[in-house]
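The values are calculated or read from the model by the stated rules, or taken from the named source; none is laboratory data. Treat the numbers as computed from the prediction; the structure is a model and nothing was measured. Positions of Cβ are generated from backbone atoms using ideal geometry, with glycine treated the same way; all protein chains shown enter the neighbour counts. All accessible areas refer to the heavy atoms of the entire protein, side chains included, with ligands and DNA or RNA removed. Shrake-Rupley method; radii C 1.70, N 1.55, O 1.52, S 1.80 Å.
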Amino acid sequence: MDRLASTVIAQEEGVTMATHAKYDRSWNLWCKFLNRIPTKDKYLSEFTQNQRNTIIAVFMDTVKNGEFNKNKSTVKGTTARETADHVSKVIESCGWPDPRLNISGKTCIQITRQGKAYKAEDGPTKHQKALPPEVYRWWLRHAEHPREKARAHLLAGALFFAMRSCDYSKTPHEEQKTKPIRPMDITFRIGAEVIPHKSQRKYIAENVKIIFRIQKNGVIEDQILQWHTNDKELCPVKHWATTIDRLRSYPKYNDKWPVYYFFDATTNKSSNITSREIAIDIKAAVDAIGPKILGFTSNDVGTHSN
């Protein structure tokens, strides 16, 4: 990517490596597109604003039609629009006019119309179904092996705190703004008394508090508390107490480990419980219970269902 553009993007606060990668990909496509015009003016500094509008609109449509894909398959309109947005932000950050805007400073008519057409073509966004308690209960009852049980308690514990999958499982992204939960972020209390993690009294704690160090929305050190329930299967205190004991049982325990850390005593190897495993568990439980009871299938659920 152009060094100046890369430097500007790197100066943006709170932007993860995953976001930088998206900008890099978009800029690479932009450079390929400009070679077709052809022009070496990456920032469109020599063009009028109307010409910039036309060029960015054509670029967006080129991306949409899949002309940069090896198999020439089309992409979603939202992806094409995001790609054009990335390029426009880089150009603006480098001190040149945003090519999406007209001379009045509003989004130009070409981009507006294309956006509406893309939205109609893409259709409505399909949201994953929320999981009812039956799904969590099923997996807690049917988990047999240690790793399955570990996932079951993580999933059920995450339910009460409306956690994202990256809070309690390893996601494929190289860097996440959201930091995973660690044992040191979890506190059990009876009244004002803090119950040590080594104590079995944590299972009868009145509540459990979790500190979310930093989240995707930028909130830092957010503290959320959930109370002990009378439900024998679904209780946030019991699920997180079980997770703490699991981690404490591992060799060289460290309270800074992410809660998705797992040690297999049979192989003497450690690994991370992944979001993909969690998704498979959710789908398996939904399939086992069936659409007649739930009203939906495993095609309708995923890690965002939690």
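Charges at C-beta only: +1 for Lys and Arg, -1 for Asp and Glu. How large is the resulting dipole of the chain about its Cα centre, in Debye rounded to 20? Each step should come with its number before you reach the end.
Values: 48 positive and 34 negative charges, 72 e Å.
Dipole about the Cα centre, nearest 20: 340 debye.
What accessible area per residue, rounded to a whole number of Å², is obtained for segment 217-292 using a probe radius of 1.4 Å? Display every interim value, and only then the final one.
Working: 4330 Å² over 76 residues.
That works out to 57 Å² for each residue.
Excluding same-chain residues fewer than 8 positions from LYS129, which lysines have a Cα within less than 16 Å of its Cα?
LYS283, LYS292
Let's test this: bin the Cα-Cα distances of segment 232-306 at 10 Å from zero up to the farthest pair and state each bin's percent.
16, 35, 33, 14, 2
What whole-number distance in Å separates the alpha-carbon centres of segment 34-81 and segment 120-184?
Cα centres, segment 34-81 to segment 120-184: 38 Å.
Where does segment 16-174 land on Rg(C-alpha)/(2.2 N^0.38 Å)? Each step should come with its number before you reach the end.
Working: Rg = 21.8 Å, N = 159, 2.2 N^0.38 = 15.1 Å.
For segment 16-174, the normalised Cα radius of gyration comes out at 1.45.
Can you tell me which lysines have their Cα less than 21 Å from the Cα of LYS202? Leave out same-chain residues fewer than eight positions away.
LYS149, LYS232, LYS238, LYS256
Would you please state the base-10 log of I(q)/I(0) at q = 0.11, 0.14, 0.15, 0.17 1/Å for segment 91-246, with intensities from the Debye formula using one equal scatterer on every alpha carbon?
Result of the Debye calculation: -0.61, -0.80, -0.87, -1.03.
What is the dipole size for segment 41-148, taken about its Cα centre, with +1 at each Lys and Arg Cβ and -1 at each Asp and Glu Cβ, in debye to the nearest 20? Could the numbers behind the result be given before it?
Working: 18 positive and 13 negative charges, 65 e Å.
Roughly 320 debye for segment 41-148.
With the cut-off at 18 Å, tell me which of the pairs LYS42/LYS106; LYS89/LYS116; LYS22/LYS179; LYS76/LYS126; LYS22/LYS119 have Cα atoms farther apart than that. Display every interim value, and only then the final one.
Numbers: LYS42/LYS106 22 Å; LYS89/LYS116 21 Å; LYS22/LYS179 20 Å; LYS76/LYS126 13 Å; LYS22/LYS119 21 Å.
Those over the limit are LYS42/LYS106; LYS89/LYS116; LYS22/LYS179; LYS22/LYS119.
Whole-Å semi-axes of the chain's equivalent ellipsoid, largest first, each the root of 5 times a Cα gyration tensor eigenvalue? Walk me through the intermediate numbers first.
Values: eigenvalues 436, 102, 62 Å².
Values for the chain, descending: 47, 23, 18 Å.
Write down the Å³ per residue value for the convex hull defined by the alpha carbon atoms of segment 37-102. Before the final figure, lay out each step's value.
Numbers: hull volume 5.6 nm³, N = 66.
With only Cα atoms used, segment 37-102 gives 85 Å³ per residue.
Normalised by the empirical 2.2 N^0.38 Å for globular proteins, what value does the Cα Rg of segment 73-136 take? All intermediate terms of the calculation are to be shown ahead of the outcome.
On the way: Rg = 17.2 Å, N = 64, 2.2 N^0.38 = 10.7 Å.
For segment 73-136, the normalised Cα radius of gyration is 1.61.
As I understand it, the value is the acute angle between the Cα axis of helix 109-122 and the longest principal axis of the Cα atoms of the chain; what does it come to in degrees, rounded to 10?
Tilt of helix 109-122: around 40 degrees.
How large a share of the accessible area of the chain, in percent, is made up of carbon and sulfur atoms when the probe is 1.4 Å and the other protein chains stay in place?
Values: 8670 of 17000 Å².
Taking all protein chains in place, the chain shows 51 percent carbon and sulfur surface.
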